[in-house]
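One structure below.
The values are calculated or read from the model by the stated rules, or taken from the named source; none is laboratory data. All values derive from a computational prediction rather than experimental measurement. All Cβ positions, even for glycine, are placed from backbone atoms using ideal geometry, and neighbour counts span all protein chains on display. Accessible surface is based on the protein model in full, side chains and every heavy atom, while ligands, DNA and RNA are left aside. Shrake-Rupley method; radii C 1.70, N 1.55, O 1.52, S 1.80 Å.
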Amino acid sequence: MESEVMEIDGSVMEGGGQILRVSAALSCITGTSVKITKIRAGRSTPGLRPQHLSGLQLVSDLCSGSLQGAEIGSTEISLTPGKIHCGNHTADPQTAGSVCLLLQASLPCAVFADGPSQLVLKGGTNAEMAPQIDYTVKVFKPTMEKFGVHFDCDVRLRAYYPKGGGEVMVTVNPVKELQPVLMTERGKLTKCYGRAFVAGVLPYKLAKDMSSAAVRTIRREIKDLYINIPALQEKENATGNANGIIIIAESSTGCVFAGSALGRKGVYAEQIGAEAAEMLLRNVRHNGCVDEFLQDQVIIFMALAKGTSRIRTGPVTQHTQTAIHIAEKLTQAKFTITKCDDELSNDDTFLIECEGSGAANAHM
């Protein structure tokens with residue numbers, strides 16, 4: 001007897017790629033067939049773009065699934081999952097689409113495979129509207145380890161918009177089940193570090209200017225923090241022309257936050273550095289334990305974990321609300337969001353709590 005198909009409206013809430021990534025991953029893990037309609041209906045170019053298509057094909061490949069409607073511009077797809085299997089899997093949108101967004105869709109699936117997986121992800125490593133690969137390695141990865149998820153990330157070739165052509169190899173080890181996490185005490189900020197880079201034909205001075213502006217901006221608000229943001233010239237392991245910066249702050253309790261920015265035509269390097277620093281500062285002012293970008297990425301893992309997870313955070317983003325909406329549709333997880341009212345909180349401090357569904361890896 002055919003299992004029931006879960007219909008998902010791709011235009012609700014965030015209305016973009018987030019719905020596709022979370023829905024496809026949870027379909028793969030739970031064995032629930034999904035039909036996603038009105039994909040990116042409100043966007044200037046509705047329907048699947050190459051990056052979304054590549055991510056869906058990767059998830060379908062991971063679970064030996066059947067994927068219908070999978071073509072550029074399609075506003076409706078159906079995924080009927082099979083069994084998740086380990087091995088080598090490749091995704092290549094042949095654009096500068098973010099490798100990190102490809103990983104967001106595929107990592108949860110690989111965690112529930114029957115052995116280690118190697119994911120070869122191609123595209124842009126440092127792209128707009130997505131985490132930079134440095135964020136994935138320095139912020140996302142250590143947080144995943146709290147859930148019991150372990151992966152290695154080998155950045156073989158960095159690449160940027162509009163050319164793309166980068167490559168990252170991610171090796172993922174499966175788990176029996178995910179552990180719940182408690183991240184409710186931020187502690188004090190202990191250090192701040194990062195990288196300001198230029199690649200291709202752009203002058204090294206841009207990297208130095210971004211770094212200097214970032215340090216000045218942070219120092220105006222936090223006087224006595226150790227800060228080290230070296231200026232780097234990307235040479236052998238990069239293709240294309242770009243400049244950018246990522247700044248990471250760590251706390252005494254092991255919380256990690258980041259701010260980042262990429263160079264844009266007509267924008268001074270000092271402004272790019274200051275933008276990244278302001279983003280970081282905004283994400284530590286609320287005294288939460290995750291920043292606005294990690295917030296939505298942990299939702300799927302909270303939903304799948306066995307037990308209750310609690311994460312203290314800043315304002316709850318629409319991406320996070322969308323991830324919760326899909327997670328509650330496709331799993332038995334239950335989320336609650338409450339305002340924090342202790343002495344360390346302010347109007348922007350919240351607690352996201354989840355009673356996880358306790359997904360188990362049938363292969364282990």
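Taking residues in region 280-303 that are free of Cβ contacts under 8 Å to residues at least 12 places away in the same chain, and partners anywhere that are open to solvent by 10 Å² or more (accessible area, probe 1.4 Å) and not hydrophobic (A, V, I, L, M, F, W, C), not one pair has Cβ atoms closer than 6 Å while being at least 6 places apart or on different chains. In region 234-257, the residues that are of a type in the set (F, W, Y) form Cβ pairs under 6 Å with partners that are part of a loop (DSSP other than H, G, I, E, B) and crowded, with 23+ Cβ neighbours inside 10 Å, at six or more places apart or across chains, as follows: F257/D291.
A count restricted to region 212-262 and to residues that are of a type outside the set (V, I, T), assigned to a strand (DSSP E or B) and crowded, with 18+ Cβ neighbours inside 10 Å stands at 15.
Tell me whether region 126-136 contains one or more residues that are open to solvent by 30 Å² or more (accessible area, probe 1.4 Å) and not in a loop (DSSP other than H, G, I, E, B). No, every residue in region 126-136 fails to be open to solvent by 30 Å² or more (accessible area, probe 1.4 Å) and not in a loop (DSSP other than H, G, I, E, B).
Name the residues in region 43-72 that are in a strand (DSSP E or B) and of a type in the set (A, V, I, L, M), would you? Within region 43-72, L67 is the sole residue that qualifies. I337 passes every criterion in (1) closer than 24 Å to P108 by Cα; (2) open to solvent by 40 Å² or more (accessible area, probe 1.4 Å); (3) part of a loop (DSSP other than H, G, I, E, B) apart from (3).
Consider Y193 carefully, then state whether it is without any contact (Cβ under 8 Å) to a residue 60 or more places away in the chain, touching a strand residue (DSSP E or B) at 6+ places or on another chain (Cβ under 7 Å), farther than 12 Å from L103 by Cβ and surrounded by fewer than 23 Cβ atoms within 10 Å (Cβ to Cβ). Spelling it out, Y193 is indeed without any contact (Cβ under 8 Å) to a residue 60 or more places away in the chain, touching a strand residue (DSSP E or B) at 6+ places or on another chain (Cβ under 7 Å), farther than 12 Å from L103 by Cβ and surrounded by fewer than 23 Cβ atoms within 10 Å (Cβ to Cβ). Taken over region 137-168, the criterion of being aliphatic (A, V, I, L, M), open to solvent by less than 30 Å² (accessible area, probe 1.4 Å) and either part of a strand (DSSP E or B) or over 23 Å from F257 (Cα atoms) (or both) is satisfied by A159, V168. When you check S23 against the structure, is it part of a helix (DSSP H, G or I), in contact with a strand residue (DSSP E or B) (Cβ under 9 Å, 6 or more places away or on another chain) and without any contact (Cβ under 8 Å) to a residue 40 or more places away in the chain, yes or no? Considered against the rule, which asks whether it is part of a helix (DSSP H, G or I), in contact with a strand residue (DSSP E or B) (Cβ under 9 Å, 6 or more places away or on another chain) and without any contact (Cβ under 8 Å) to a residue 40 or more places away in the chain, S23 comes out as no.
What number of residues within region 171-190 are charged (D, E, K, R), part of a loop (DSSP other than H, G, I, E, B) and either open to solvent by 40 Å² or more (accessible area, probe 1.4 Å) or touching a Leu at 6+ places or on another chain (Cβ under 7 Å) (or both)?
Of all residues in region 171-190, those charged (D, E, K, R) come to 176-177, 185-186, 188.
Pick out the ones that are also part of a loop (DSSP other than H, G, I, E, B) and you get 176, 185-186, 188.
The next check asks that each one be either open to solvent by 40 Å² or more (accessible area, probe 1.4 Å) or touching a Leu at 6+ places or on another chain (Cβ under 7 Å) (or both); those that pass are 176, 185, 188.
Qualifying residue count for the region: 3.
Only one of the listed residues (I311, I272, I326) is open to solvent by less than 10 Å² (accessible area, probe 1.4 Å), in contact (Cβ under 8 Å) with a residue 60 or more places away in the chain and touching a Cys at 6+ places or on another chain (Cβ under 9 Å). That residue is I311.
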